[in-house]
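**Student:** Encoded as structure tokens, here's the structure I'll be asking about.
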Amino acid sequence: MDRTALTLAEVSRQHKIWIIDPVARCVQYIADEAVLGGLMHRAVGTFEGFNTYLNLARKEIVRRSGQGKALHAIDALLVQQPLNARLASEHVRSDFALLNAHSLVAIWAALESCIEETAVLILMNDATMRARMIDDAKKSGRIDQTLSDEDSCRNLVRLWEFAQPKAPSAGLRFERLLSFFGLGAALDPALDAQLADINAIRNCLMHRRGIIDERAVREAPSLAAHLHKPIVIKRADYLRHHQAVSTYTVALMGRITVSPFAVTT
């Protein structure tokens, strides 16, 4: 599906309601991951018994023509089929744990990017907010107060976050940044705990060789039963995590669309 990718500067110039672009893209990305996941599961499942269909196709080709490019293509697929079937069977037996893990990392990255880009877009378009954040972030380093380009505003967000105390959870860290711009809201404790789980799992997948460590358990106590064990994300686990990210992102879209930044003149 072809979707034009714009820089944040282009978003500011081309979109009348520029503020919704990051969250709208995030919602679409999360939905796309669900569609792709379902497609991959069906495709991989088909590979397990695909040799039956290939052999039937080969017999029919031989009956009709006996040779030709189609027969060579079928024979090439039959040569590959034992490996494909073995790999497919491994994925099915694991309840698609590897695919689930890859998708979970992707949707979490999309959410983190959405939060940051929302803040950056506001700073690029609102000099008052930019000045306030510069004032708050000064203790983190020297900041050029004259720049409003994307890179400078992105760096400003990072310096501002560095100047804040460590947030108790990933969700509360998101809300603290959003609250600076008047976009924050009270975070449901159950959803906060789910987001903490996802963030801890993502960090272990990326930085701890996929093993739940002590830090992950401190940040997400529900993972305590899995301490020092490899992360295995079953389909039911993935769907629960996907729902949590979806719920949070859709709620954020609701907040953003009624915010002063979404008012057009």
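The values are calculated or read from the model by the stated rules, or taken from the named source; none is laboratory data. These numbers come from a predicted model, not from an experiment. FYI the Cβ positions are ideal-geometry reconstructions off the backbone, even for glycines, and counts take in every protein chain you see.
**Student:** Restrict the check to the stretch 176-183 and report whether at least one residue is at pLDDT 95 or above, under 21 Å from the mean Cα position of the chain (by Cα) and closer than 23 Å to residue 218 by Cβ.
**Tutor:** Checked against the condition, which is being at pLDDT 95 or above, under 21 Å from the mean Cα position of the chain (by Cα) and closer than 23 Å to residue 218 by Cβ, the stretch 176-183 yields at least one hit.
**Student:** A further question on this structure: Name the residue, out of 137, 200, 190, 196, that is at pLDDT below 90, hydrophobic (A, V, I, L, M, F, W, C) and part of a helix (DSSP H, G or I).
**Tutor:** None of the others qualify; the one that does is 137.
**Student:** (1) at pLDDT below 95; (2) under 30 Å from residue 261 (Cα atoms): which one isn't true of residue 112, the others all being true?
**Tutor:** (1)
**Student:** Which of the residues that make up the stretch 1-41 are of a type in the set (Lys, Arg) and either at pLDDT 90 or above or touching a Ser or Thr at 6+ places or on another chain (Cβ under 7 Å) (or both)?
**Tutor:** 16, 25
**Student:** Which of the residues that make up the stretch 220-243 are crowded, with 17+ Cβ neighbours inside 10 Å and either in contact with a strand residue (DSSP E or B) (Cβ under 7 Å, 6 or more places away or on another chain) or touching a residue at least 40 places away in the same chain (Cβ under 8 Å) (or both)?
**Tutor:** If the condition is that a residue be crowded, with 17+ Cβ neighbours inside 10 Å and either in contact with a strand residue (DSSP E or B) (Cβ under 7 Å, 6 or more places away or on another chain) or touching a residue at least 40 places away in the same chain (Cβ under 8 Å) (or both), then 231, 233, 237, 238, 241, 242 are the ones that fit.
**Student:** Need a quick list: helices (runs of 4 or more DSSP H) entirely within the stretch 10-115 having at least 1 residues that are β-branched (Val, Ile, Thr), touching a residue at least 12 places away in the same chain (Cβ under 8 Å) and closer than 23 Å to residue 201 by Cβ. Even if it seems obvious, please write down each step before you answer.
**Tutor:** Values: elements: 21-48, 50-64, 69-93.
Ranges flagged: 21-48, 69-93.
**Student:** Taking residue 254 as meeting all but one of (1) of a type outside the set (S, T, N, Q); (2) part of a helix (DSSP H, G or I); (3) touching a residue at least 24 places away in the same chain (Cβ under 8 Å); (4) exposed (fewer than 14 other Cβ atoms within 10 Å of the Cβ), write down the number of the exception.
**Tutor:** Only one criterion is unmet by residue 254, namely (3).
**Student:** Tell me which residues, restricted to the stretch 203-214, are in contact (Cβ under 8 Å) with a residue 12 or more places away in the chain and part of a helix (DSSP H, G or I).
**Tutor:** Selection gives 203, 204, 205, 206, 214.
**Student:** Give the stretch 184-204 a look and list any residue that's surrounded by fewer than 21 Cβ atoms within 10 Å (Cβ to Cβ) and more than 14 Å from the chain's Cα centre (by Cα), or say none.
**Tutor:** Scanning the stretch 184-204 gives 184, 185, 186, 187, 188, 189, 190, 191, 192, 193.
**Student:** Quick one: how many residues across the stretch 92-133 are under 13 Å from the mean Cα position of the chain (by Cα), surrounded by fewer than 19 Cβ atoms within 10 Å (Cβ to Cβ) and among the β-branched types (Val, Ile, Thr)?
**Tutor:** Total satisfying the criteria: 1.
**Student:** Also, quick follow-up: Applying the selection to the stretch 37-73, what residues are among the basic types (Lys, Arg) and within 30 Å of residue 241 (Cα to Cα)?
**Tutor:** If the condition is that a residue be among the basic types (Lys, Arg) and within 30 Å of residue 241 (Cα to Cα), then 42 is the only one that fits.
**Student:** Okay, moving on. Hydrophobic (A, V, I, L, M, F, W, C), over 32 Å from the mean Cα position of the chain (by Cα) and surrounded by 11 or more Cβ atoms within 10 Å (Cβ to Cβ): does that describe residue 71? Steps first, please.
**Tutor:** Values: hydrophobic (A, V, I, L, M, F, W, C): yes; over 32 Å from the mean Cα position of the chain (by Cα): yes; surrounded by 11 or more Cβ atoms within 10 Å (Cβ to Cβ): yes.
Yes: the conditions hold for residue 71.
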